[in-house]
Amino acid sequence: MTTVLPTPVVRPARTQHHAPAMPGSPAPTRALADRWGRVADDLRISLIDKCNLRCTYCMPAEGMAWLQKDRLLTAEEAVRIADLGVRIFGVRDVRFTGGEPLVRHDLADIIAGVRRLHPEIPISITTNGIGLDKRIDALVDAGLTRVNVSLDTVDREAFKELTRRDRLPQVIKGLEAAKAAGLEPVKVNAVLMRGINDTGAADLLEWCVTRGYQLRFIEQMPLDADHTWAKENLVSGAEVRARLSERFDLSPDPVPRGSAPAQLWEVRPKGASASSPALGKVGVIASVTESFCAACSRTRITADGKVRSCLFSNEETDLLSVMRSGASDEEICAVWAGAMMLKPRAYGSDEVTLNDPEYVQPERTMSAIGG
Ligand code: SAM
Ligand code: SF4
Ligand code: SF4
């Protein structure tokens with residue numbers, strides 16, 4: 001099947017009101033605005049580039065060059081960046097990611113540091129779940145409020161092929177522990193790869209709704225280390241919905257989507273009345289075929305402290321060196337805001353799209369950006 005990718009539509013400068021401050025937080029004094037009328041208030045900080053899995057859509061089997069330890073954000077630097085984001089720029093959500101954030105032994109200290117300064121802000125992690133069962137209590141005590149666990153399949157062989165590691169039982173333990181700790185909702189992120197786990201989409205959904213996890217399928221983006229992404233192989237959001245509809249009835253979630261990347265669907269058994277209780281919800285993040293760049297509200301900081309205004313950027317701005325030079329909060333914020341003002345229109349560019357032959361995949365892999 002050949003998927004024709006649309007040209008991302010970027011609406012002209014639209015009215016995007018800056019979010020009100022969280023209760024208990026000081027009112028923000030500035031905004032991370034860009035030239036296209038967007039305002040970023042969703043902060044993702046990558047804490048490390050290392051990982052204990054090797055997902056084929058993300059990392060190479062071997063030979064990844066790791067950042068030197070002294071180039072990684074320290075716990076204090078990560079907390080300072082999060083604090084500036086919330087206090088000065090009105091960031092409403094702080095998410096820690098990687099690489100694998102659980103590889104950082106000081107993750108609970110970082111979360112606690114942000115929590116002390118901002119008692120109301122949602123703090124979340126995106127994790128592969130390995131070892132989460134042993135850490136979840138400390139993380140929740142530190143102030144963690146939400147977790148997304150990446151799990152692409154519940155078939156052990158397919159998991160092994162996809163992640164190049166036989167560690168499915170540990171991921172499931174991590175998910176169970178997140179649920180038992182009372183985090184709600186526990187979200188599961190899945191990427192479908194043709195020929196490996198694409199036919200298992202409905203099995204994964206059934207597994208998730210039975211256990212009360214909210215599953216979201218994410219279209220594979222060209223951010224893999226091996227540069228094997230091809231439009232022709234993409235399992236599109238439309239295909240995911242079609243596959244799920246063979247086993248379930250999906251109806252659009254009545255809650256308005258807003259600028260959220262995931263389109264949510266209520267899930268019911270095949271043939272059930274639309275007024276019967278839903279089994280749960282499923283999200284489809286069609287980041288390639290149904291671009292949501294026009295509403296993008298993300299600002300990303302890499303594990304080595306660079307501002308990456310777009311996932312696909314070819315340019316980054318070194319915030320860490322500025323911080324380490326002894327800059328004031330005001331100076332750091334000026335650099336961060338300047339980098340965001342130059343945020344590309346879509347997919348790292350103002351003109352070229354993923355459809356164009358001139359499109360060049362960024363050097364950094366997803367694991368080194370922080371998804
Ligand atoms: N290691 C953690 C994990 O896997 O959840 C956090 C980092 S990982 C880079 C963050 C998210 O990016 C995961 O949900 C993963 O599935 C997703 N991801 C990685 N490479 C991707 C790609 N090429 N396209 C789409 N999503 C990708
Ligand atoms: Fe590791 Fe997450 Fe990348 Fe998989 S997606 S290799 S778990 S960083
Ligand atoms: Fe935002 Fe860039 Fe992703 Fe588009 S491609 S949604 S602009 S990060």
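A few notes on this one:
- Lysine pair count for segment 2-369 [Cα-Cα under 26 Å; pairs on different chains or 8 or more apart]: 26
- Kirkwood-based Rg to Rh ratio, the chain, C-alpha trace: 0.94
- Restricted to Cα atoms, segment 199-348 shows a radius of gyration and a Dmax of 19.7, 63 angstrom.
- Karplus 3J(HN,Hα) series, Hz, for segment 207-215 with 6.51 cos²θ - 1.76 cosθ + 1.60 (x for Gly, Pro): 4, 6, 5, 4, 9, x, 9, 9, 8
- Volume per residue of the C-alpha convex hull in segment 260-341, rounded to whole Å³: 152
- Segment 192-259-segment 262-300 distance, computed between alpha-carbon centres (Å): 10
- Averaged per residue, the chain has 42 square angstrom of accessible surface, using a 1.4 angstrom probe with ligands and nucleic acids left out.
- Computed in the context of the full set of protein chains, the accessible area of the chain at 1.4 Å probe radius has 53% of its extent on carbon or sulfur.
- Sorted into 5 angstrom bins from 0, the C-alpha pair distances of segment 34-104 split as 3, 14, 20, 19, 16, 13, 10, 4, 0 percent.
- C-alpha center-to-center spacing [segment 64-105, segment 346-371] in angstrom: 22
- No Cys partner within the rule (Cβ under 4.7 Å), the chain: CYS51, CYS208, CYS293, CYS296, CYS310, CYS333
- For q = 0.11, 0.15, 0.17, 0.20 Å⁻¹, Debye-computed log10 I/I(0) when each Cα of segment 120-251 counts as one equal scatterer: -0.41, -0.75, -0.94, -1.19
- CD proxy at 222 nm, helix term only [per DSSP H run n ≥ 4: -39500 (n - 2.57); per residue of the chain; nearest 500]: -8000 deg cm²/dmol
The values are calculated or read from the model by the stated rules, or taken from the named source; none is laboratory data. This one's a predicted model, so the numbers in the text were calculated from it and none came from an experiment. Neighbour counts run over all protein chains shown; Cβ positions are idealised from the backbone, glycine included. SASA here: full protein model, heavy atoms, side chains in, ligands and nucleic acids out. Shrake-Rupley method; radii C 1.70, N 1.55, O 1.52, S 1.80 Å.
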